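S.K.: Sharing a structure below in structure tokens format, with a few things to ask.
The values are calculated or read from the model by the stated rules, or taken from the named source; none is laboratory data. As the structure is a computational prediction, the values presented were derived from the model and not from experiment. Neighbour counts run over all protein chains shown; Cβ positions are idealised from the backbone, glycine included. Only protein heavy atoms, including side chains, enter the accessible area calculation; ligands, DNA and RNA are left aside. Shrake-Rupley method; radii C 1.70, N 1.55, O 1.52, S 1.80 Å.
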Amino acid sequence: MNLSRKKKLISFLINMYTLIRRGIHFCYRKLIEPRSLGEDNRRHEYILNIILTGFITLMVIFEIMLEITHIRDGRTSYGTPFWIFGIFIIFFAGLLTLSRRGKFLIASYLFIATQYILVTYTIFRWGVEIPLAILIYAIIIIISNILSSRRFSFIVGGII
């Protein structure tokens, strides 16, 4: 490899690194960076934004996988319609928007309530034979402690 090709390759790699770094920083500012004033509120908002962003990302990936399965096999897994996951993506994006507008406490309560309702439906539908549902109950208690308060966590634990 001659010297000019090496310089071009190094310049290309540096430009790609800078572009990726700017993209990550842009996504952080727009989706995750807390806007609250108090330190405790900033921490709660930051954690909720990370959870919701990750949740939305995973739901989008799952939606893409369902569509690929539908295109390849001509059906969806277990008869799950596309629109259900689209509604969940829109709902969690709405919670993220609500959190970004300063209403992170309402968004966290809605997030915890939604998770509780979904897991409770799963247990009523298929029973406690699904150990993941019981694990998610424990995660809901932990998330409620992190996002809200210890008292709310005890209330959620009592309801579960």
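S.K.: I need the peptides 7-17, 47-57 ranked by packing, meaning the mean over residues of other C-beta atoms within 10 angstrom, with the highest value on top.
M.R.: Highest-to-lowest ranking by the protection proxy: 47-57, 7-17.
S.K.: Right, here's the next one. Measure off 7 Å from each Cα along the Cα-to-Cβ vector at ARG101 and ILE61, then give the distance between these two points in nanometres to one decimal.
M.R.: Result: 3.0 nm between the two label points.
S.K.: For the chain, what's the relative contact order in percent, using C-alpha pairs closer than 8 Å and at least 6 residues apart?
M.R.: 18
S.K.: Additional query: Translational diffusion coefficient, Stokes-Einstein: compute it for the chain using the Kirkwood radius over C-alpha pairs as Rh, at 25 °C and 0.890 mPa s, and state it as an integer in µm² s⁻¹.
M.R.: So the translational diffusion coefficient is about 132 µm²/s.
S.K.: Then there is this: Starting from the Cα gyration tensor of region 17-68, take the square roots of the eigenvalues, sort them a ≥ b ≥ c, and report rounded, prolate or oblate (rounded when a/c is under 1.5, otherwise prolate if a/b is larger than b/c, else oblate).
M.R.: oblate
S.K.: For PHE82 and ILE117 in one chain, what is 0.36 nm times their gap in residues minus the Cα-Cα distance, to one decimal in nm?
M.R.: So the extension gain works out to 10.6 nm.
S.K.: Still on this structure, I have one more. Positive end of the dipole of the chain, charges at C-beta (+1 Lys, Arg; -1 Asp, Glu), about the Cα centre: which of LEU95, MET16, LEU48 has its Cα farthest in that direction?
M.R.: MET16
S.K.: Over the chain, average the accessible area per residue using a 1.4 Å probe and give it in Å², no decimals.
M.R.: 72
S.K.: Per DSSP helix of 4 or more residues, -39500 (n - 2.57); summed, then divided by the residues of the chain. What does that give at 222 nm, rounded to the nearest 500?
M.R.: Calculated at 222 nm, the ellipticity per residue is -28000 deg cm²/dmol.
S.K.: With unit charges on the beta carbon (Lys/Arg positive, Asp/Glu negative), name the residue among PRO81, LEU135, ILE68 whose Cα is farthest towards the positive pole of the charge dipole of region 53-160.
M.R.: The Cα lying farthest towards the positive end belongs to LEU135.
S.K.: Additional query: About its Cα centre, how strong a charge dipole does the chain have in debye, to the nearest 20, once Lys and Arg get +1 and Asp and Glu get -1 at the Cβ?
M.R.: Around 960 debye, computed over the chain.
S.K.: Another one. Taking θ = phi - 60°, what integer Hz values does the Karplus form 6.51 cos²θ - 1.76 cosθ + 1.60 yield along region 8-20, in sequence order, with x for Gly and Pro?
M.R.: Values, residue by residue: 5, 5, 5, 5, 4, 5, 5, 5, 5, 4, 5, 5, 5 Hz.
S.K.: If I fit a long axis through the Cα atoms of helix 39-73 and take the longest principal axis of the Cα atoms of the chain, what angle between them do I get, 0 to 90°, rounded to 10?
M.R.: Result, in degrees: 80.
S.K.: Accessible area of region 28-108 with a 1.4 Å probe: how many percent of it is carbon plus sulfur?
M.R.: Solvent-exposed carbon and sulfur of region 28-108 make up 67 percent of the total.
S.K.: Let me ask something else about it. Most mobile of LEU147, LEU110, LEU95 per a Gaussian network model of the chain (Cα springs, under 10 Å)?
M.R.: Checking each option, the largest mean-square fluctuation is seen for LEU110.
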